[in-house]
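K.L.:
Take this structure, written in structure tokens, and hold onto it; I'll ask about it next.
Nothing in this text is a laboratory measurement; each read-out follows from the coordinates by a stated rule. On a predicted model such as this, the values are computed, not experimentally measured, just so you know. Cβ atoms come from the backbone with ideal geometry, glycine included; neighbour counts cover every protein chain shown.
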Amino acid sequence: MEGMRHRVLACDFDGTLATEGVCADATVEALEHVAATGIRLVLVTGRTREELADVFDPGSLFEAIVFENGAVVLDVAADREQLLAPRVPNGLVAELQRLGVTPLVVGRVLCSTAWSQEAKLSVAIAKLGIDRKVVRNRDSAMVLPPGISKRTGIEAALRAIGELPSVTVAVGDGENDIPLFAVAGVSVAVANAVDALKARADVVLTEPNGRGVQALAAALVAGDLGALTALSPLAG
């Protein structure tokens, strides 16, 4: 059965579940309906754990949460964090502050700021000679170790809950969701997604962010993603 094939729903947060950092009650309810069918939920975000906590309390809705664009995985039930890469290098934060990078978010592994600060990030990385790269997510810039992406995060999260990428439906909106889409069994872009992501999606929803997720959730509950595919301009 189609509905049994999809065992996991992996969701991006900003621009997908949330608009301007706010996740509507109707979107949370839609995800609760998905979870009630036995489909397991994983959140995959570029935010740090503290940044997410500022705007959203996931409670026990998600079994695992991938933070920092794939660098940190949280086992929700055990409240146990797994770091998939080395912590922020000594000296990097001080150097970014010296260069006047603002705003500046510092996580366990990731540092992030506005994309307008990208040149300063590259200068700091070169000066310190550290093994880091700058990754774009819409108007944000993230400093991460090479090889870390939402793909590494979702793969670790799925191993932790005993599931496979092939049975995972992933939904997102930004450039940093491309590695997530590369490994998911079915990839779904919300209507407001960047063109680069839409080009890699199996399904492009007709509604943006939370409303799109609500439509996806309804299709998963009904066990019929085909209904969404019929709406997609990429169908076939």
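K.L.:
So who's got an amide H within less than 5 Å of the one on N192, skipping anything under 5 residues away but keeping other chains? H placed 1.01 Å off N, in plane.
P.N.:
Amide H neighbours of N192: N209.
K.L.:
In cubic angstrom, how much convex hull volume per residue do the alpha carbon atoms of segment 1-97 span? Before the final figure, lay out the partial values.
P.N.:
Details: hull volume 11.8 nm³, N = 97.
Spread over its residues, the Cα hull of segment 1-97 gives 122 Å³ apiece.
K.L.:
Sort out for me the Cα centre separation of segment 1-42 from segment 126-185, rounded to whole Å.
P.N.:
Their Cα centres are 18 Å away from one another.
K.L.:
Whole-Hz ³J(HN,Hα) for each residue in segment 54-66, computed from phi via Karplus 6.51 cos²θ - 1.76 cosθ + 1.60 with θ = phi - 60°, x for glycine and proline: what do you get?
P.N.:
Computed from phi, the couplings for segment 54-66 are 5, 10, 8, 10, x, x, 10, 4, 9, 6, 9, 10, 9 Hz.
K.L.:
Mind listing the long-range amide H neighbours of V109? Cut-off is under 5 Å, sequence gap 5 or more, other chains count too, H placed in the peptide plane at 1.01 Å from N.
P.N.:
V88
K.L.:
I need the shape label for segment 92-144. Rule: rounded when a/c is under 1.5, else prolate if a/b > b/c, else oblate, with a, b, c from the alpha carbon gyration tensor. Show your work: numbers first, answer last.
P.N.:
Values: a/c = 1.34, a/b = 1.23, b/c = 1.09.
Rounded is the answer for segment 92-144, as its axis ratio a/c remains below 1.5.
K.L.:
Relative contact order for the chain using alpha-carbon pairs under 8 Å, separation at least 6, rounded to a whole percent? If you can, show how the numbers build up before the last one.
P.N.:
On the way: 491 pairs, mean separation 52.8, N = 236.
RCO, the chain: 22 percent.
K.L.:
A follow-up question, please. For a quick check: sort D131, D25, D75 by the number of other beta carbons within 10 angstrom, fewest at the front.
P.N.:
Values: D131 12, D25 9, D75 15.
Ranking D131, D25, D75 by Cβ neighbours within 10 Å, fewest first, gives D25, D131, D75.
K.L.:
Further question on the same structure: For the residues S122, S149, what sequence is obtained by ranking on other C-beta atoms within 10 Å, fewest first?
P.N.:
On the way: S122 15, S149 21.
Going from least to most buried by this count: S122, S149.
K.L.:
Run the reach check for K127 against aspartates and glutamates, Cα to Cα strictly under 19 Å, same-chain hits fewer than 8 apart removed. What comes back?
P.N.:
Partners within reach: E95, E118.
K.L.:
Have a look at I154, L83, P208 and report the one farthest towards the positive end of the charge dipole of the chain, computed about the Cα centre with Cβ charges (Lys/Arg +1, Asp/Glu -1).
P.N.:
Sorting the options by dipole projection puts first L83.
K.L.:
In Å, what is the Rg of the alpha-carbon atoms in segment 117-236, and how long is Dmax?
P.N.:
16.5, 54
K.L.:
Something else now. Sort segment 183-229 into rounded, prolate or oblate with this rule: let a ≥ b ≥ c be the square roots of the eigenvalues of the Cα gyration tensor; rounded if a/c is under 1.5, and if a/c is not under 1.5, prolate when a/b is larger than b/c, oblate otherwise.
P.N.:
Working: a/c = 2.21, a/b = 1.32, b/c = 1.67.
Note, shape of segment 183-229 comes out oblate.
K.L.:
Right, something else. Name the residues whose placed amide hydrogens come within less than 5 Å of the amide hydrogen of V44, ignoring near sequence neighbours (fewer than 5 apart) on the same chain.
P.N.:
When sequence neighbours closer than 5 places are left aside, the close amide H contacts are C11, D12, F13, V66.
K.L.:
Explain nothing, just the number: relative contact order of segment 127-229, from Cα pairs under 8 Å at least 6 residues apart, as a whole percent. If you can, show how the numbers build up before the last one.
P.N.:
Details: 149 pairs, mean separation 18.3, N = 103.
With pairs under 8 Å counted, the relative contact order is 18 percent.
K.L.:
Here is a further query. How do T48, T37 line up, fewest other C-beta atoms within 10 Å first? Write down the numbers at each step before the final one.
P.N.:
Values: T48 22, T37 13.
Sorted ascending by nearby Cβ count, the order is T37, T48.
K.L.:
Lysines near K198 by alpha-carbon distance under 18 Å, same-chain residues fewer than 8 away left out - which ones?
P.N.:
Those lysines meeting the cut-off are K150.
K.L.:
State the volume of the convex hull built on the alpha-carbon positions of the chain, expressed per residue in Å³ and rounded to an integer. Let's see the in-between values first.
P.N.:
Details: hull volume 26.3 nm³, N = 236.
Dividing the Cα hull volume of the chain by its residue count gives 111 Å³.
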